[in-house]
Each structure stands twice: as structure tokens, then as C-alpha cells.
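Everything below concerns the one structure shown next.
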Amino acid sequence: MDENPGLSDQYRMASPWPLFVALGLPIAELGLLFGIIPLAVGGVLLFGGSIAGMVTESGYASTAWRALAVVALFAMALGAALVYADPATEVALAPRGYATVGAGLLMLLAGVAGELFDYESEIAA
């Protein structure tokens, strides 16, 4: 009896996305914790792009561009919540919120531009 029925050598066995999620999340957290804005934005971009890639690879989204736009909306909502909560806390949350909103805006722009200019998916359809 075969212990892996239905699998063959033509299918990839491992996904590259968990590695990038594992790198993106701590980079974003370090940048947000210590207020290093470029590091925070880069980490959020890496984390969000990896999540969009995982969602697309697993078949929950038709294109990575749409998944990236949805992840961007979540990032912008989180950043807006941090900016809104800033006056009620002793810790300065506004710069961290602005960094998260900025990264979300960059992801949203990339998702919209990718969806508009992705000619390969139009040819395949």
C-alpha cells in the first residue's frame, strides 16, 4: 500500500512562503517596537506580501494582487487604530501607526497596479 496516494514527483512538496512570514513578522515587530520606520515598513511589506502569496498558493484567491490589496486594507486599519489610540496611551503609537498605514498604502498601490497591468493572467484566461 502506498503511504502517499495521489502524489507524484511533479508536485512541489514545500512552500517558500512560511520562511518569509517568519522573517517579515519579527522584522516588522522590531521596527515598530524601536521606532525604526524603514525597518517597520519593510517588515510589514514582507509579511503582507508573504500572506498574500500563501493565500494565492493555497487557492483561496484567484490572483496574488487581489490578496495583496485585501492584506493592505487590514494593515491600514491596524495602523489607523494605532494612530487613534495614541492620545490614550503613554507610549507614542502614532509613528508606528503611520508606518503601518504607509506600508499598507504601498501594498494597496502595488495590488491595484499589479491587477491593472498583469497581462499574463488575461492571456491565461
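Show me the ranking of peptides 92-98, 114-120, 39-45 by mean Cβ neighbours inside 10 Å, starting with the highest.
Working: 92-98: 17.6, 114-120: 10.7, 39-45: 22.6.
The densest-packed peptide leads the list: 39-45, 92-98, 114-120.
Given only helices, namely DSSP H runs of n ≥ 4 each adding -39500 (n - 2.57), what is the per-residue ellipticity at 222 nm of the chain, to the nearest 500 deg cm²/dmol?
Values: 5 runs with 91 residues, N = 125.
One gets -24500 deg cm²/dmol as the mean residue ellipticity at 222 nm.
Please give the charge dipole size of the chain, origin at the Cα centre, charges +1 on K and R Cβ atoms and -1 on D and E Cβ atoms. Round to the nearest 20 debye.
On the way: 3 positive and 11 negative charges, 82 e Å.
Roughly 400 debye, rounded to the nearest 20.
With Cα Rg over 2.2 N^0.38 Å defined as stated, name the option among (i) 1.35; (ii) 1.29; (iii) 1.01 computed from the structure displayed.
Derived directly from the coordinates: (ii).
For Cα pairs less than 8 Å apart in space and 6+ apart in sequence, what is the mean separation divided by the residue count of the chain, i.e. the relative contact order in percent?
Values: 168 pairs, mean separation 28.1, N = 125.
It comes to 22 percent, rounded to a whole number.
Students often check this: by mean Cβ neighbours within 10 Å, which of 101-108, 82-89 ranks highest, and how do the rest follow? Walk me through the numbers on the way to the answer.
Details: 101-108: 20.8, 82-89: 12.9.
Highest mean packing first, the order is 101-108, 82-89.
Give me Rg over Rh for the range 59-107, both radii from the alpha carbons and Rh done the Kirkwood way, two decimal places. If you can, show how the numbers build up before the last one.
On the way: Rg = 13.0 Å, Rh = 11.3 Å.
My calculation of the ratio gives 1.15.
Output the peptides 21-34, 68-81 sorted from most to least packed, where packing is the average of other Cβ atoms within 10 Å over each peptide's residues. Present the calculation step by step, with values, prior to reporting the outcome.
On the way: 21-34: 16.4, 68-81: 19.0.
Top to bottom by mean Cβ count within 10 Å: 68-81, 21-34.
Every number here is computed from the coordinates shown, using simple stated rules; none is lab data. Only a predicted model underlies this, so the values are computations on that prediction, with no experimental measurement involved. Backbone-built Cβ (ideal geometry, glycine too); neighbour counts: all protein chains shown.
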